[in-house]
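Asker: Structure provided below as structure tokens; questions to follow.
Read the figures in this text as sums done on the coordinates, not as results from a lab. What you see is a predicted model, and the numbers here were worked out from it, not measured in a lab. Neighbour counts run over all protein chains shown; Cβ positions are idealised from the backbone, glycine included.
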Amino acid sequence: MACVAVTRGGAGDFWLFSNLEEADEHALVQYGDAICTGPGDLLNVWRQSEIPDLCRRVGDERLCLEIQGVESLKLQTPLLERLWSALVGRASRPPEPAAVLEQVAQDRRATRAKGVTHRRHPTEKEALMAEAETRPIARTAKHSVTSVITFGKDAEGKNYGPDNNPKRANSAAHARFALYKSGQTIQQALDAGVTRGDINWDSKQGFIVLK
């Protein structure tokens, strides 16, 4: 089963994965990115008014014109199947690990500049709601961007850091935590691809210390 993830909240690069789990766990795929596994997901992830622009981005202007002339896409399975095929054909396999962090940092910078609407496969709704209750995404800054980041200590007294990463291995959070450097400012961490939600959560958990 193919799965396509589109970064920057559905407005960025197209990446092809083998399944939903692989896409959701990959460091390139961030909170708010668009993920779908077939033509039936398209209208769950994008609004109908956004679909023509998506057609242009995959290079199918003819399909764009056909869809613009349809009042409701819900019953237009052939058109959605054509768009899905175009998405899969347009998507690339994700880069090797060495290139991932730089790609994540670029996407984060573009996302912060653009702003995104959260999009996710509908089967993940309950999990996302549970996460939101325990780890709300920060809407405003809680710390000055000039605050300096140092690493906290684990239960054994060892400093957290690249060699002692508290996040789940191979997860997006694990990759972002690896972007921290002791002595960097919050602004430098944000520029590297860390999010404000990460900083607020990690400082609350004692993974990092802000001074």
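Asker: Out of the GluC sites (Glu not before Pro) in the range 1-77, which ones are loop residues according to DSSP with at most 14 other C-beta atoms within 10 Å?
Answerer: Details: sites: Glu21, Glu22, Glu25, Glu50, Glu61, Glu66, Glu71; in loops: Glu71.
Passing both the DSSP loop test and the Cβ count: Glu71.
Asker: Same structure again: Counting other C-beta atoms within 10 Å, and keeping those with at most 16, which DSSP coil trypsin sites (Lys or Arg not before Pro) do you find in the range 1-109?
Answerer: Values: sites: Arg8, Arg47, Arg56, Arg57, Arg62, Lys74, Arg82, Arg90, Arg108, Arg109; in loops: Arg47.
Passing both the DSSP loop test and the Cβ count: Arg47.
Asker: So how do Trp15, Trp201 line up by other beta-carbon neighbours within 10 Å, fewest first? Walk me through the numbers on the way to the answer.
Answerer: On the way: Trp15 22, Trp201 18.
In order of increasing Cβ crowding within 10 Å: Trp201, Trp15.
Asker: How would Val88, Val29 line up from fewest to most surrounding beta-carbon atoms within 10 angstrom?
Answerer: Details: Val88 15, Val29 23.
Listing Val88, Val29 from fewest to most nearby Cβ atoms yields Val88, Val29.
Asker: Next up: Fewest Cβ neighbours within 10 Å first, please rank Thr7, Thr77 accordingly.
Answerer: Values: Thr7 24, Thr77 11.
With the fewest neighbours first, Thr7, Thr77 line up as Thr77, Thr7.
Asker: Another question about this same structure. Add +1 for every Lys or Arg and -1 for every Asp or Glu among the other residues with Cβ under 10 Å from the Cβ of Phe151, and state the total. If you can, show how the numbers build up before the last one.
Answerer: Working: positive: Lys153, Lys158, Lys181; negative: Asp154, Asp202.
Its environment carries a net charge of +1.
Asker: Only loop residues by DSSP count here, and only those with at most 15 other Cβ atoms within 10 Å; note down the trypsin sites (Lys or Arg not before Pro) in the range 145-178 that meet that.
Answerer: Numbers: sites: Lys153, Lys158, Lys167, Arg168, Arg176; in loops: Lys158, Lys167, Arg168.
Within the range 145-178, the qualifying trypsin sites (Lys or Arg not before Pro) (loop, at most 15 other Cβ atoms within 10 Å) are Lys158, Arg168.
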